[in-house]
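The values are calculated or read from the model by the stated rules, or taken from the named source; none is laboratory data. As the structure is a computational prediction, the values presented were derived from the model and not from experiment. Don't worry about glycine lacking a Cβ; one is built from the backbone with ideal geometry, like all the others, and counts go over all protein chains shown.
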Amino acid sequence: MKKIFVLLLTGVILFHSCDYLDKTPLDLISDNDVWTDEALVEAYLSNSYYSMAYFANESPGVNWDGDVFFPVFAVNQVSDECMSQWRDWGDALRWYNYKFGNLKIQGGLLEWWGYAPIRDLNVFIEKLPDTPLSPDLKKTRLAEARFLRAFSYFAMVKRYGGVPLITEVQPVDTPEDKLYPVRDKEAAVYDFVISEIDEIYNDLNETMDKSDLGRPSKYAALALKCRAALYAGSIAQFGKLQLDGIVGIPAERADEYYRAACDAADKIVEGGKHALYDADADKAENFRNIFLVKDNPEVIFARRHNNVNGDHGQGGGNGWCVDFFQCPRPQGWNRGNLDGAYLELIEEYEYTDGRSGALDRDAIQQGLWTTDDLWKDKDPRFFATFYTQNTPWKGNKVEYYKGILLPDGTIQTTDSYDGILATGDQDVDGTCFGMLKYLDETHDNMAGTNSAWATSSQDWQIFRMAEVYLNMAEAAFELGETAKALEAVNKVRDRAGIALLGSVDRAKIRHERKVELTFEGHRYWDVRRWRTAVQDLSREFSGLRYVLDYGSYKAGQPKYKLIVIDRIDGAVNVPLFREENYYLPITLNRTANNPKLVENPGYK
């Protein structure tokens, strides 16, 4: 390694710019310069975050492949949470189309083959002892680099199963058997992630000062262990061994992993540095603010954003596109509402007294309804997670209705009637539900040029305390510790403002996870590790249509005729998740480059 390009664009990574950005021109820097200059050593590690694309809701890259564009929402759309509603735009449909049985050996969905950044981290780990950093800082930065490397392997193992574990720098003269390694077993990769965290978490800071926000703390490392161990336990319990363990984990190891997940969760709780956010009396407002109030106590680890344009690094910004792509109209491209939440997801949200949220679909299509009556007493998280007809927005209300029910019983769907427009101003042919979680009402969504859309400043939360409690609940339940599981689930429900459970089972824990973590990038991975995706994702989904009643509108209390729209993804689009899709394909390109990489089962 004679020369190293160092991208010092830390404004587009996880934390704010540092003093070393003001150093001399750094377009090409020698290897010796990097490792003998404290600021450049710091810059080298900081730049590693730029390659951790999966931190941006599992997106596969940066810029057009990152969180300034459509890939950041792909993991939502291939789950059973939502559809992509920008139906005339190829980039908006590219990843969504994998939902319909189109994940084949060529790959293309949620790709992240992380050996380039892992090599950079291996270099850093090797060079760090001889750098001028102080001993204490070396210890912290070594732990940080190993955290990033462990997270990178977790990002790959949950996609592909076993992958080659490379933990040393490979020189150009590396023997071929080392340069082109075979895949390690899936269990070995999970074991590596967990053991790395066990070795380094105490070397990370318990709390992060302002200059280090965006770097991992001790509790971020434990949260990674908690999540990774939970995944491994599920795969051991519900999966099957194939390719001699390259995919799958021996069933007898399930309890070992569940115990590791529980222990990590216990350490986070006992540390007392993080807690469920509960600052606002209004429970719906409180839940929204979890994602809007920066550095609140629930946040364990986040991808940092600012409100400066992040599109291709213009202006050195680190904004992203959530507001512009997901907001209700008005919007600069007259779009917004990219993710249309399915009616089935809406029905998962219970009533505050604990009653099922499932609608009587025949009954709601009879008579007329106010939206207050339709959604009365729903879980406050419903109002904080979705917008629909009459949701307040920027001083107005969202209008999803399509058609006016006239006094003679007919429905007019064009033009206007008695001065009333026949349709609302939203995407009335979608599901009639949008993603409110993470949206900032103060954001200017009319600035719709290429240089303006990626300016959302909300931090993307990679780990938060509610997930830790839900991980604890799931692991404890599978270990037979039902009292502990119940207590953990009820902490989340109590904060939400919904009736506590009197007993707990696997279905209730999974339900709570689905509701609490909607649109946070968990659902697709959860149904894969539980091995329920073939059933959960291979089904048709629904939307809702509102028709405005003329008489009640004129009387000052608008009511709506409701119509359930079946097969909302389209008559020819039937969601299909195949058995082989529990693992992403290694792909023809990768197996051609390294013939020792055996392909995952079912891909031909």
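Looking at T423, T370, which is the one that is modelled with pLDDT of 95 or more, surrounded by 14 or more Cβ atoms within 10 Å (Cβ to Cβ) and within 30 Å of G497 (Cα to Cα)? Talk me through it step by step, then tell me what you get.
Working: T423 fails: within 30 Å of G497 (Cα to Cα).
The conditions single out T370.
Restricting attention to the range 9-21, does a residue exist that is part of a loop (DSSP other than H, G, I, E, B), touching a strand residue (DSSP E or B) at 6+ places or on another chain (Cβ under 6 Å) and modelled with pLDDT under 90? Break it down into steps so the answer makes sense when it comes.
First, pick out the residues of the range 9-21 that are part of a loop (DSSP other than H, G, I, E, B): 9, 13-18.
Restricting the remaining residues to those that are touching a strand residue (DSSP E or B) at 6+ places or on another chain (Cβ under 6 Å) gives 14-15.
Retained after the next criterion (residues that are modelled with pLDDT under 90): 14-15.
Looking through the range 9-21, at least one residue is part of a loop (DSSP other than H, G, I, E, B), touching a strand residue (DSSP E or B) at 6+ places or on another chain (Cβ under 6 Å) and modelled with pLDDT under 90.
Could you tell me whether the range 310-327 includes any residue that is under 23 Å from S456 (Cβ atoms), assigned to a loop (DSSP other than H, G, I, E, B) and in contact with a Pro (Cβ under 7 Å, 6 or more places away or on another chain)?
First, the residues of the range 310-327 that are under 23 Å from S456 (Cβ atoms): 310-327.
Checking which are assigned to a loop (DSSP other than H, G, I, E, B) leaves us with 310, 317-319, 321, 327.
Applying the additional criterion that residues be in contact with a Pro (Cβ under 7 Å, 6 or more places away or on another chain) yields none.
No, the range 310-327 has no match at all.
Would you list the helices (runs of 4 or more DSSP H) that sit entirely within the range 490-586 and hold 1 or more residues that are among the β-branched types (V, I, T)? Let's see the steps before the verdict.
Details: elements: 506-516, 523-529, 533-536, 550-554.
It comes to 506-516, 523-529, 533-536.
Of the residues that sit in the range 248-257 and are assigned to a loop (DSSP other than H, G, I, E, B) and in contact with an Asp or Glu (Cβ under 8 Å, 6 or more places away or on another chain), which one is surrounded by the most Cβ atoms within 10 Å (Cβ to Cβ)? Reasoning before the result, please.
First, pick out the residues of the range 248-257 that are assigned to a loop (DSSP other than H, G, I, E, B): 248-250.
The next check asks that each one be in contact with an Asp or Glu (Cβ under 8 Å, 6 or more places away or on another chain); those that pass are 248-249.
On the way: G248: 22, I249: 29.
So the residue we want is I249.
Count, please, the residues in the range 68-114 that happen to be part of a loop (DSSP other than H, G, I, E, B), at pLDDT below 95 and among the acidic types (D, E).
Adding up the residues that qualify gives 1.
Can you run down the residue pairs with Cβ atoms below 8 Å, 6 or more apart or on separate chains, where the first is in the range 217-242 and within 13 Å of D198 (Cα to Cα) and the partner is of a type in the set (S, T, N, Q) and surrounded by 24 or more Cβ atoms within 10 Å (Cβ to Cβ)?
C226/N471
Check F287, F301 and return the single one that is part of a strand (DSSP E or B), of a type in the set (F, W, Y) and more than 18 Å from E474 (Cβ to Cβ). I'd like the intermediate steps shown before the answer.
Details: F287 fails: part of a strand (DSSP E or B).
Exactly one of F287, F301 is part of a strand (DSSP E or B), of a type in the set (F, W, Y) and more than 18 Å from E474 (Cβ to Cβ), namely F301.
Could you tell me which residue of the range 453-483 is surrounded by the most Cβ atoms within 10 Å (Cβ to Cβ), considering only residues that are free of Cβ contacts under 8 Å to residues at least 40 places away in the same chain, part of a helix (DSSP H, G or I) and not β-branched (V, I, T)?
At the first step, the residues of the range 453-483 found to be free of Cβ contacts under 8 Å to residues at least 40 places away in the same chain are 473, 477, 480, 482-483.
Filter again for part of a helix (DSSP H, G or I), leaving 473, 477, 482-483.
After this cut, where a residue has to be not β-branched (V, I, T) as well, the list is 473, 477, 483.
On the way: A473: 29, F477: 22, A483: 9.
Result: A473.
Of the residues G332, G340, G271, which single one is in contact (Cβ under 8 Å) with a residue 24 or more places away in the chain, of a type in the set (G, A, S) and closer than 21 Å to R495 by Cβ?
Details: G332 fails: closer than 21 Å to R495 by Cβ; G340 fails: closer than 21 Å to R495 by Cβ.
The unique qualifying residue is G271.
For the range 122-137, what are the residues that are farther than 17 Å from N205 by Cβ and not in a helix (DSSP H, G or I)?
Hits for the range 122-137 are T131, P132.
Of all residues in the range 564-596, which are buried (at least 17 other Cβ atoms within 10 Å of the Cβ), of a type in the set (A, V, I, L, M, F, W, C) and over 16 Å from E111 (Cα atoms)?
The answer is I568, F577.
Name the single residue that is nearest to G340 (Cα to Cα) among those in the range 554-604 being of a type in the set (S, T, N, Q) and out of contact with any Ser or Thr (no Cβ under 9 Å at 6 or more places or on another chain).
Going through the range 554-604, the residues of a type in the set (S, T, N, Q) turn out to be 557, 573, 581, 587, 589, 591, 593-594, 600.
Subset that is out of contact with any Ser or Thr (no Cβ under 9 Å at 6 or more places or on another chain): 573, 581, 587, 589, 591, 593-594, 600.
Numbers: N573: 16, N581: 24, T587: 30, N589: 34, T591: 37, N593: 39, N594: 40, N600: 32 Å.
By that ranking, first place goes to N573.
So, of the residues in the range 358-367 that are surrounded by fewer than 16 Cβ atoms within 10 Å (Cβ to Cβ) and part of a loop (DSSP other than H, G, I, E, B), which turns out to be nearest to the chain's Cα centre (by Cα)?
In this case the residue turns out to be A358.
Among the residues of the range 399-446, what is the count of those that are touching a Gly at 6+ places or on another chain (Cβ under 7 Å), among the β-branched types (V, I, T), part of a loop (DSSP other than H, G, I, E, B) and touching a residue at least 12 places away in the same chain (Cβ under 8 Å)?
Looking only at that region, the number is 1.
Here's a check for you: in the range 189-247, which residue that is touching a Ser or Thr at 6+ places or on another chain (Cβ under 7 Å) and crowded, with 17+ Cβ neighbours inside 10 Å is farthest from Q461 (Cα to Cα)?
Initially, the range 189-247 is screened for residues touching a Ser or Thr at 6+ places or on another chain (Cβ under 7 Å), giving 203-208, 217.
Now restrict to residues that are crowded, with 17+ Cβ neighbours inside 10 Å: 203-204, 208, 217.
On the way: D203: 23, L204: 19, M208: 15, S217: 14 Å.
Checking each candidate, the answer is D203.
Tally up the residues in the range 368-398 that are assigned to a loop (DSSP other than H, G, I, E, B) and within 18 Å of G556 (Cα to Cα), please.
The initial filter retains those residues of the range 368-398 that are assigned to a loop (DSSP other than H, G, I, E, B), namely 368, 370, 375-377, 379, 388-391, 394-395, 398.
Within this subset, residues satisfying the condition of being within 18 Å of G556 (Cα to Cα) are 368, 370, 389-391, 398.
Residues meeting the conditions: 6.
So which residues in the range 336-358 are touching a helix residue (DSSP H, G or I) at 6+ places or on another chain (Cβ under 6 Å) and over 18 Å from G497 (Cβ atoms)?
First, the residues of the range 336-358 that are touching a helix residue (DSSP H, G or I) at 6+ places or on another chain (Cβ under 6 Å): 338-339, 348-349, 357-358.
The answer is L338, D339, A358.
Quick check on the range 180-200. Is at least one of its residues part of a loop (DSSP other than H, G, I, E, B), hydroxyl-bearing (S, T, Y) and in contact with a Lys or Arg (Cβ under 6 Å, 6 or more places away or on another chain)? Don't jump to the end; show me each part of the working.
Of the residues in the range 180-200, the ones part of a loop (DSSP other than H, G, I, E, B) are 180-185.
If we keep only those that are hydroxyl-bearing (S, T, Y) too, we end up with 180.
Pick out the ones that are also in contact with a Lys or Arg (Cβ under 6 Å, 6 or more places away or on another chain) and you get 180.
Yes, there is a match, as at least one residue in the range 180-200 is part of a loop (DSSP other than H, G, I, E, B), hydroxyl-bearing (S, T, Y) and in contact with a Lys or Arg (Cβ under 6 Å, 6 or more places away or on another chain).
For the range 378-416, give me each residue that is more than 12 Å from V547 (Cα to Cα) and either surrounded by fewer than 16 Cβ atoms within 10 Å (Cβ to Cβ) or among the basic types (K, R) (or both). Write out each step before concluding.
Of the range 378-416, the ones more than 12 Å from V547 (Cα to Cα) are 378-388, 390-398, 407-408, 414-416.
Selection gives K378, R381, P392, K394, G395, N396, K397, P407, D408, T414, D415, S416.
Does at least one position in the range 85-96 carry a residue that is polar (S, T, N, Q) and more than 18 Å from G336 (Cα to Cα)?
Filtering the range 85-96 down to residues polar (S, T, N, Q) leaves 85.
Then drop every residue that is not more than 18 Å from G336 (Cα to Cα), which leaves none.
No.
Among A302, A341, which is the only one that is touching a Ser or Thr at 6+ places or on another chain (Cβ under 8 Å) and of a type in the set (A, V, I, L, M, F, W, C)?
On the way: A302 fails: touching a Ser or Thr at 6+ places or on another chain (Cβ under 8 Å).
Of the residues listed, the single one that is touching a Ser or Thr at 6+ places or on another chain (Cβ under 8 Å) and of a type in the set (A, V, I, L, M, F, W, C) is A341.
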